[in-house]
Amino acid sequence: MSQTMLVQGNHACALGALAAGVRFFAGYPITPSTEIAEILAKELPKVGGKFIQMEDEIASMGAICGASLGGFKAITATSGPGFSLMQELIGYASLAEIPLVIVNVQRGGPSTGQPTSPSQSDVMQARWGSHGDRGVIALVPSSVQESYQLMIDAVNLAERFRTPVIFLMDEVVGHMREKLVIPKTTPTIINRRKPEPGELPYAPGPDGVPALPPFGEGYHFHVTGLIHDETGFPTGSPEVTEKTIKRLHQKLENNMDEILRYDELHSADAEYLIISYGCSARSAEEAVRMAREKGIKAGLLRLISIWPFPSDLIEEKCARVKKVFVAEMNYGQVTGEVTKVLGRSKVQPVLRVDTQMITPRQILEAITREGN
Amino acid sequence: MNETLKKYFRMNRLPHIWCPGCGNGIVVGALVRAIDKLGLNPDKTSIISGIGCSSRSSGYLNFDTVHTAHGRALTFATGLKLARPDLNVIVLTGDGDATAIGGNHFIHAARRNIDLTTIVFNNNIYGMTGGQYSPLTPTHSKATTSPYGHIENPFDITELAKASGASYVARGTTYHTLELINLIADAISHKGFSVVEAITACPISFGRQNKLGNAPAMMKWQKENTISVKAASKLPAEQLAGKVVIGELYRRQAPEYTAEYQKVIDRVTGGNGQ
Amino acid sequence: MVIINTKFCKGCQICVDFCPKHIIKLDDMQKAQIIDQSKCISCGFCELRCPDYAITVVKE
C-alpha cells in the first residue's frame, strides 16, 4: 500500500531520486541542500548504491560524470555558490551528452548572499551559466510531493535525452515539511538507449538523441569536451560544429511534448493571468483565490518545466488575457523571457529580492491596481 | 611499433600531434607496454585524461577513454572507479593539469587512497598553450610567463603525493624507458592510489626557452642528473644535491577506498548488497 | 632488422643519438634511416624510445 510521511522537500527529492533508480551521488555540503546529501549517504548503501562527499562542487560534478559514464544514474545537489562552481562541467556534460541531474536548492544570492533564505535568482544561471551555446532542461517543483514526483521525471529526462537536467528547487520548498504520499505503483523508468551494433556514439538517432555506449563492455568509447563528430573524436570542421551545436538545442526543442510541464488554475476565463513557479506559485494560487472572491477573473499558469522556455505555451495561454503578472523572487529573470514573448506593455512583474516570500496580498494588490 | 602493441592504439588517429622529440609519446609507449606486460583486459580498462599536451593521449589509446576538462581527470576517475570498481582506471595528466588547476583533486584522491593509477607527464611547462611555467617548473627557469627567470619554487610532486596519502609513489624518466614500464606496471598492479611522475622532455618549448638542446640532449640530461633510489640511499645528503631520485620511492599497504565502501554496503545490507 | 615508418617519423634524432651502434641517421627529408642493417644488435632501444612509434625492431 502507499506510504505517507511528513518530510522536507529535500528529503522527498532524495527519495524521488532513489525511486528513479539513482544509485550514485557525489556532492559537497552547502545550505540549503545538505539534507539531500545526508539522506542519500544513509539510503544509497542500503540499495547497493554509492555515495561520496567530494572536495568541492567541481569534483562532485566530475565524479557524477564519471559514474554516469560507468552506467550509473548519478546526481548531485548544491545551492548557488556550488552551482556556480559546477558550471564548466555542466557544459561538459551537455556537449558530451552525459545524463545526470543537478539539484540546485536556490538561496539568496549573489555570492554568499542569504544562505538560509529562499530566492529564485539562479533561473538564468540554470540556462546560461556555462559558457557556449547549448540546450538545457530545468524543472521546478513547488511542493514536497512534487519534489518527489518531478525528481523522477528529471532523472528520466536526463536518460531520455542524454543531457544534464537542472532540478531547480528553492529553500522554501527544500526545507518546508508537507505530506508526501509515495504511491505503491512503481514509477515508469526511462533508461539510456544502448547503441545498435555499429551505431556510432554520437549518431543523432531518430530524434536527435544518440545512444549511450556503456563503459567496460568493449565498446572503447571516446568521450571528449572538444567538439566531436559522430564517432566521438575531435574535429575542427565548421559543418560538424554547427550541426552539433544546433542538435544540442533541437534535441530538446523538437521534443517539447515530452519535456513541457505546467499547471493551471482558473486560466480558461482569466483576464489577469499570473505566471509563477516554485515557492512563489504557492502565493499566486492564494492570490487567485482571493481575487476570484472579489469577482476578479484572475488565473495562474504555473511553470514546472522552465527550460527550454515554453514560449508557445505562454503565447497561447496569454492570447486573450488583459495583463500578465510574473511573480518571482528575483529581479525579473522569467519576466524578461515572458516579455520577449508578449511584449513589455502586456507584462507586469511582481518581484521580490529581499529574502521574504512574495505574499498573496502583494500579487492581489498588483492585480487590483491594474484593474482600476 | 611492434605488431602486438597495435591493438592498444587507435591506429587511425596516428601519427599523433606531439612535437618532434616530445617525450609524451615515449611515456604512452611505456604505458602500453606495461598494460601488455600485465595482460590487462582492454575492455575492462578506462583511461581518463585532463587537458594539455599529455592529455591528448587518451584519444590515441584504444580503451574506454575520457578527455575531461582541465585539472578534472581525477574527479571523473574517482566517480567511475567508485561506481565501477571492476574497471582498471588509469589517469593521464600533465604537471600543470595535475598540480595547478587539478591540485586540490590530486591531494584528495591521494588522501582517499582510491585505486587509481595516475601518471603525471612532467615536462616542467604548459606546452599546449605555448610555454608558460607550471607548479613543477624549476626556479630560475625561463618560460613565456617568467621571462626574467622563474622566482617560484616547484612542488616535489612525489612528496606531495606521499604526504597526501598515496600508497604507491614512483618517479621515472623517458630516458630510462624499461624502468618506466616496470614502474607503471607496478603502479597499476598496486591496490590504492598510485602516482608515477614521468619526467619527459619538451624540446620545442621548455628546452628551447632554456637552451637545453634537442630531444636527445634533454634525455641525456635525464641520464646524467638522476640517481636510482638504491644508489641514493648510499650517498650523504650533500652529494645528492641537484640529483633527481628515480625508481619506486614509496609503497605501503593501506585500506583502499572502493573496497572500504563495499564493506559499508555489505554491513548495511547484511551482505546481499546488489 | 629495423623497419622505419617514415610516415610517423618526425626526425627528432633520439634514435640517431642513442643507437649504441650508431647505424641510424636522418636522410635529407629529416627521416630516420638505417645506415647498415647488418650492424644492428636488436637491442630495441630505438623502438622503445621512439616517441612516434615509427620504429619496429624485428628480432631474427
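Where a number appears in this text, it was derived from the coordinates with a stated rule and is not lab data. What you are looking at is a predicted structure, and each value in this text was computed from that prediction instead of being measured. With ideal geometry, Cβ positions are generated from the backbone for all residues, glycine too; neighbour counts draw on all protein chains shown.
What are the residues whose amide H is under 5 Å from the amide H of residue A:325, where those residues sit 5 or more places off or on another chain and H is modelled from the backbone?
Hits under the 5 Å cutoff: A:273, A:274, A:275, A:348.
Which of the chymotrypsin sites (Phe, Trp or Tyr not before Pro) found in the stretch B:146-198 are loop residues per DSSP with 16 or fewer other Cβ atoms within 10 Å of their Cβ?
On the way: sites: B:148, B:155, B:168, B:175, B:193; in loops: B:148, B:155, B:175, B:193.
For chymotrypsin sites (Phe, Trp or Tyr not before Pro) across the stretch B:146-198 that sit outside H, G, I, E and B with at most 16 neighbouring Cβ atoms in 10 Å, the list reads B:148.
Quote the relative contact order of chain A in percent (integer), defining contacts as alpha-carbon pairs under 8 Å separated by 6+ residues. Each step should come with its number before you reach the end.
Values: 810 pairs, mean separation 60.2, N = 372.
Relative contact order for chain A comes out at 16 percent.
Among the lysines, which fall within straight-line cross-link reach of residue A:322, defined as a Cα-Cα distance under 27 Å, with same-chain neighbours fewer than 8 residues apart omitted?
Of all the lysines, those that pass the test against residue A:322 - Cα under 27 Å, at least 8 places apart if same chain - are A:294, A:297, A:340, A:346.
Once the other residues with Cβ under 13 Å from the Cβ of residue C:11 are scored (Lys, Arg +1; Asp, Glu -1), what is the net sum? Don't skip to the answer; put the middle values down first.
On the way: positive: C:7, C:10, C:25, C:31; negative: C:17, C:27, C:28, C:52.
Result for the local shell: 0.
What does the charge count around residue B:212 come to, taking other residues whose C-beta lies under 13 Å from its C-beta (Lys +1, Arg +1, Asp -1, Glu -1)? Intermediate results must be reported in sequence, preceding the final value.
Values: positive: B:142, B:208, B:211, B:220; negative: B:224.
Summing Lys/Arg as +1 and Asp/Glu as -1 gives +3.
Taking other Cβ within 10 Å of each residue's Cβ, how do B:141, A:142 sort, fewest first? Provide the component values of the computation, followed by the final result.
Values: B:141 18, A:142 26.
Ascending Cβ contact count within 10 Å gives the list B:141, A:142.
Given a Förster distance of 25 angstrom, what is the FRET efficiency for residue A:6 paired with residue A:42, based on the Cβ-Cβ distance and rounded to 0.05? Let's see the in-between values first.
Details: r = 18 Å, r/R0 = 0.72.
Calculated transfer efficiency: 0.90.
Collect residues whose amide H, placed 1.01 Å from N in the peptide plane, falls under 5 Å from the amide H of residue A:225; neighbours closer than 5 in sequence don't count.
Those lying under 5 Å, H to H, from residue A:225 are B:67.
Which pairs, out of B:6/B:263; A:42/B:37; A:46/B:191; A:50/A:194; A:73/A:243; B:230/C:10, put more than 32 Å between their alpha-carbon atoms? Walk me through the numbers on the way to the answer.
Values: B:6/B:263 39 Å; A:42/B:37 41 Å; A:46/B:191 26 Å; A:50/A:194 23 Å; A:73/A:243 28 Å; B:230/C:10 36 Å.
Beyond 32 Å between Cα atoms: B:6/B:263; A:42/B:37; B:230/C:10.
Set Lys and Arg Cβ to +1 and Asp and Glu Cβ to -1, take the dipole of the protein assembly as shown about its Cα centre, and tell me which of C:32, B:40, A:325 lies farthest positive.
It is C:32.
Around residue A:204, under 9 Å between beta carbons, what's the net of Lys plus Arg minus Asp minus Glu among the other residues? The partial results should precede the final answer.
On the way: positive: A:243, A:247, A:251; negative: A:207, A:230.
In short, +1.
Tell me whether the stretch A:1-124 comes out rounded, prolate or oblate; compute the Cα gyration tensor, take square roots of the eigenvalues as a ≥ b ≥ c, and use a/c under 1.5 as the rounded threshold. Numbers along the way, then the final one.
Details: a/c = 1.82, a/b = 1.10, b/c = 1.66.
Because a/c hits 1.5 or more and a/b fails to exceed b/c, the stretch A:1-124 counts as oblate.
Is the C-alpha gyration tensor of the stretch B:1-152 telling us rounded, prolate or oblate? Criteria: a/c under 1.5 is rounded; beyond that, a/b larger than b/c is prolate, otherwise oblate. List each step's numbers first, then the result.
Numbers: a/c = 2.39, a/b = 1.35, b/c = 1.77.
In terms of gyration-tensor shape, oblate.
Okay, helix-only estimate at 222 nm for chain A: each DSSP H run of n ≥ 4 adds -39500 (n - 2.57), divide by all residues, round to 500 deg cm²/dmol; what do you get?
Numbers: 13 runs with 144 residues, N = 372.
Calculated at 222 nm, the ellipticity per residue is -11500 deg cm²/dmol.
Angle, helix A:80-95 long axis vs. longest principal axis of chain A, Cα atoms, 0 to 90°, nearest 10?
50
Hey, fewest Cβ within 10 Å first, where do B:167, A:237 land in order? Spell out each step's value before the answer.
Working: B:167 22, A:237 12.
Fewest-to-most ranking of B:167, A:237: A:237, B:167.
What ranking of A:300, A:85, B:80 emerges when the number of other C-beta atoms within 10 Å of each C-beta is taken as an exposure proxy, fewest first? Don't jump to the answer; show the numbers that get you there.
Working: A:300 24, A:85 18, B:80 29.
Listed from fewest to most nearby Cβ atoms, that is A:85, A:300, B:80.
Mind checking which aspartates and glutamates have their C-alpha under 16 Å from residue C:21, skipping anything on the same chain fewer than 8 residues away?
Qualifying aspartates and glutamates at Cα under 16 Å: C:36, C:47.
What does the charge dipole of the stretch B:3-269 about its Cα centre add up to, to the nearest 20 debye, if the Cβ of each Lys and Arg holds +1 and the Cβ of each Asp and Glu holds -1? Walk me through the intermediate numbers first.
Working: 28 positive and 20 negative charges, 49 e Å.
About 240 debye.
Among the aspartates and glutamates, select those whose C-alpha is under 15 Å from the C-alpha of residue B:7, and discard any that sit fewer than 8 residues away in the same chain.
B:36, B:43, B:64
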